[in-house]
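The values are calculated or read from the model by the stated rules, or taken from the named source; none is laboratory data. Being a predicted model, the structure only gives us computed values, none of them experimental. Glycine gets a Cβ as well: all are built from the backbone with ideal geometry, and neighbour counts include every protein chain shown. Note: accessible area is taken over every heavy atom of the protein model, side chains too, but ligands, DNA and RNA are not part of it. Shrake-Rupley method; radii C 1.70, N 1.55, O 1.52, S 1.80 Å.
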Amino acid sequence: MNRAIKSRLSTSEMNYFPDEVIEHIFDFIASHRDRNSISLVNKSWHKIERYSRHQVFIGNCYAISPERLIRRFPCLRSLTLKGKPHFADFNLVPHEWGGFLHPWIDALAKGRVGLEELRLKRMVVSDESLELLSRSFVSFKSLVLVSCDGFTTDGLASVAANCRHLRELDLQENEIDDHRGQWLNCFPDTCTTLVSLNFACLKGETNLAALERLVARSPNLKSLKVNRAVPLEALTRLMSCAPQLVDLGVGCYENEPEPESFAKLMAAIKKCTLLRSLSGFSEVAPVCLTAFYPICENLTSLNLSYAAELQGNHLIEFVQFCKRVQRLWILDSIGDKGLEIVASSCKELQELRVFPSDPHDEEDNNTAVTEVGLVAISAGCPKLHSILYFCKQMTNEALITVARNCPNFIRFRLCILEPNKPDPITSQSLDEGFGAIVQACKGLRRLSVSGLLTDKVFLYIGMYAEQLEMLSIAFAGDTDKGMLYVLNGCKKLRKLEIRDSPFGNAALLADVGKYETMRSLWMSSCEVTLGGCKRLARNAPWLNVEIINENESGRMERNEEDEREKVDRLYLYRTVVGTRRDAPPCVTIL
Amino acid sequence: MLGGSEPELGKTNLLPAESELELRLGLSLGGGAWRERGRILTAKDFPSVGSKRAADSSSHHGPSPPRSSQVVGWPPVGSHRMNSLANKQAMKAEQGEEEGKKKAMKEDDGPKDVSVKMNVQGSGFVKVNKDGVGIGRKVDMRAHSSYQNLAQTLEEMFFGMTGATSMEKVKPLRLLDGSSEFVLTYEDKEGDWMLVGDVPWRMFITSVKRLRIMGTSEASGLATRHQEQKERQRNNPVKLLFKS
């Protein structure tokens, strides 16, 4: 593209290059952070970078407006947007808090942006938005929705019908109102471009015939994740006409498959020699997992975390043969013994997530995992860098051992199911254990702590966690000092989320400028008061300070507020566009 | 809503004066006759508020730290995953019951036994029965964040898709928009049967003891009976909002 831009003379030699050359060099820089950096070098680079930027990542949809985004990046093709704060996943944010997609689609359509890809997380999406999206962007290729809600299968039908070049439709853990309609039928017969289709989160029935026809005419289909309404025979047929699949999410299996059906399934699976990733299994008879034995050695990614029907021994029998698995998501029914077997079999393991099968401890069975499993994994899997571990208990000794075994953790999230639980052997807090983790893991970017913790653990975090970007705290700490250690120490902190911890105004207000370097702060059931939040809002006009009220019925009446009243939920974030206008009554923006 | 003379929300859980509440709820209904548009109020009318401190303790440093099962949003498992688990636990419990009980179990007898087994302190499981279906199910109230959510789960359970217990072929229930022949009702702590959707979600989950998917003809009788009980429930802000 020819542009008559006169570059300003400067001492930098690179400015003597034509812009096209500079732009070509920028093409090699993909990371949005790096691109943000190069756009700050000088005005010329800023301009070149603007026009050549195709992918934009917006971590908080209220930090900027769609209009400003489009003005700055008119050649935008791929947009990632995140809406509600993380704790919305745990029902701590009211349903109507915000994060609406529509204004963005509206602005992008009006601005005639050539949008091709849209990735959304925790946004409220409506059928109208999906309809508008499907009609406004001729080259639209990829829609990925994670933890979104507000739409129905009618919206999906619009996307299917109107996006002529659709390659990817990936729906992960969304709340979708399933009208049990014919959205799969809405893909025209001419649509043969699908590469990835994931509708595992849909709860209703699926038109199997339409699905089979669609898969049969999609030779490029690499990833298919169906919902539980797709039974065994249908899955067999699907796999038979798509042996090129790399990523498969299976649906529902009958309890007792006929031997003939089972044999057919095994035959179809054997042909899928490219299969590397397996998930789903939400209603599965254990015997059906065995049908996948022929390809389990090829698997690099295995997600059995929804397979609540599978007992520990079934899981172990399967996972021990998955010798190449790099990413494993599993339920704690695998047990410590199972994790020991994983540790001895799965030497390529990089990311492990162990979810609780009985989160509220209702069934009184003792298959949950403990520190034993974690230590075994840390000892056996040298490539491990990411862990999410829900467990019954943890000891300092175990954490110190894990830190020694695995200094390469980037993400370390430990959730001891019972709040405030101390080390069961020493009855002490877990400060030392987590301290060892942050001290050893110099590259740690994300940390979640749990169990009994005093201010000391935060002293350690502030001292050692130099690369830490995201920290999640619950039921921890003693005084404001704890929070202060973190705010003062962690220079790269971007997201801090705290619940049920005794941090108050002194910590909140100590360094207001810190919040300009962060994306957001969440504090719920802490000790901050309305007065403190108001003071913060006054001193930092570039922050949106949102109070989410317990009183659902409306805003607080200004003349009756008590400044000493504790704030139930506080969410603050930096923004360049000031107070948002779409907040519901239960949210007060100071 | 918070007047100077009214107690603050939070620890005591008192609600605004009845008359204010009634007025607000009335407006949101839109005034149609119940039979034609018997819309059960959904989360849109009562914004669901998730967080609340553990009901019994004023501070988590108190003598008894909250148990995992008593705290909202804990453990931090995504709601999608929790809903999925809850459905399975309900189904498993259901199968356990079928094995353990005699065939001739009346609907009314069931919940008592079940509540001893499943409704332990802190548990969110309540029994759900649908008129015309012999076997009841169980649903975890804590795994849901709104009326919409709950209705969806119930519709799946009784729509017969996974089909272990529901043999009949039924139309989608559409419990919350009044377009079906069924209405969702619940029994509260005081033993009264109410229409689901009257009260804020957060209040509802603390007072619901069991659920019943009722035929609409029976439900209108419920309305009349409830009007008579209104006087006894001065401080209970729950109102029935349809005309009989």
**Request:** Extending each Cα 7 Å along its Cβ direction at residue A:31 and residue A:210, get the distance between those two points in nm, one decimal.
**Result:** 4.4
**Message:** Just to be sure I understand the interface: list residues from segment A:164-181 that lose 30 Å² or more of accessible area between the chain on its own and the complete protein assembly, 1.4 Å probe.
**Reply:** A:173, A:175, A:177, A:180
**Request:** Subtracting the Cα-Cα distance from 0.36 nm times the residue separation, let me have the gained length for residue A:266 to residue A:479 in nm, one decimal.
**Result:** 70.8 nm
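Express in nm, to one decimal, how much length is gained between residue A:397 and residue A:17 on full extension, taking 0.36 nm for each residue of separation and deducting their alpha carbon distance.
Stretched fully, the residue A:397-residue A:17 segment lengthens by 130.9 nm.
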**Message:** For chain A, what does the relative contact order come out to in percent, with C-alpha contacts under 8 Å and a separation of six or more?
**Reply:** 6
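What does the highest-first list of A:539-546, A:192-199 look like by mean Cβ count within 10 Å?
Working: A:539-546: 17.8, A:192-199: 20.4.
Final packing ranking: A:192-199, A:539-546.
Residue B:189 to residue A:241: FRET efficiency via 1/(1 + (r/R0)^6), r the Cβ-Cβ distance, R0 51 Å, to the nearest 0.05? Mind dumping the intermediate values first?
On the way: r = 56 Å, r/R0 = 1.09.
My answer for the efficiency is 0.35.
How crowded by other chains is B:198-207, given as the mean number of beta carbons from other chains within 10 Å of each beta carbon?
Across B:198-207, the average partner-chain Cβ count within 10 Å equals 1.
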**Asked** How large is ³J(HN,Hα), in whole Hz, for each residue of segment A:219-225 in order, when computed from phi with the Karplus curve 6.51 cos²θ - 1.76 cosθ + 1.60 and θ = phi - 60°, using x for Gly and Pro?
**Response** x, 8, 5, 10, 10, 9, 10
**Fill in**
Counting only residues 5 or more apart in sequence or on a different chain, those whose built amide H sits under 5 Å from that of residue A:299 are A:324
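Mind checking A:412-420 for the average number of partner chain beta-carbons within 10 Å of each residue's beta-carbon? Can you show the working numbers first?
Working: counts 0, 1, 0, 5, 2, 6, 8, 10, 4.
That average works out to 4.
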**Asked** Can you run phi through the Karplus equation (6.51, -1.76, 1.60; θ = phi - 60°) for segment A:346-356 and list ³J(HN,Hα) in whole Hz, with x for Gly and Pro?
**Response** 10, 7, 8, 4, 10, 10, 10, 10, 10, 9, x
**Request:** With a cut-off of at most 11 other beta carbons within 10 Å, and DSSP calling the residue loop, which trypsin sites (Lys or Arg not before Pro) in segment A:69-119 qualify? Please list them.
**Result:** A:112
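How much of the accessible area of segment A:18-118, in percent, comes from carbon and sulfur atoms when a 1.4 Å probe is used? Write out the running numbers ahead of the final one.
Values: 2480 of 4470 Å².
The computed percentage sits at 56.
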**Request:** Per residue of A:92-98, count partner chain C-beta atoms within 10 Å of its C-beta, then hand back the mean as an integer.
**Result:** 6
**Prompt:** Ignoring ligands, DNA and RNA, what accessible area per residue does chain A give at 1.4 Å, in Å²?
**Reply:** 40
**Prompt:** Taking amide H positions as placed 1.01 Å from N in the peptide plane, with prolines and chain starts having none, which residues 5 or more places from residue A:198, or on another chain, fall under 5 Å of its amide H?
**Reply:** A:169, A:170, A:171, A:225
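Grab the Cα-Cα distance for residue A:565 and residue A:320, subtract it from 0.36 nm times how many residues apart they are, and report the gain in nm with one decimal.
Working: separation 245, 0.36 × 245 = 88.20 nm, distance 5.48 nm.
Full extension of this stretch gives 82.7 nm more.
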**Request:** Over both sides of the A-B contact, add up the buried accessible area with a 1.4 Å probe and give it to the nearest 100 Å².
**Result:** 5600
**Request:** Among the listed pairs A:495/A:566; A:43/A:141; A:225/B:88, give every one whose C-alpha distance is greater than 27 Å.
**Result:** A:43/A:141
**Asked** When the Karplus curve 6.51 cos²θ - 1.76 cosθ + 1.60 is applied with θ = phi - 60°, which whole-Hz ³J(HN,Hα) does each residue of segment A:321-327 get, with x for Gly and Pro?
**Response** 9, 8, 6, 9, 5, 9, 10
**Asked** What's the carbon and sulfur percent of segment A:223-369's accessible surface, probe 1.4 angstrom, rounded to a whole number?
**Response** 50
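What number, in nm² with one decimal, is the all-direction average of the projected area of the convex hull of the alpha-carbon atoms of chain A? Intermediate results must be reported in sequence, preceding the final value.
Working: hull surface 116.1 nm².
Here the figure is 29.0 nm², rounded to one decimal.
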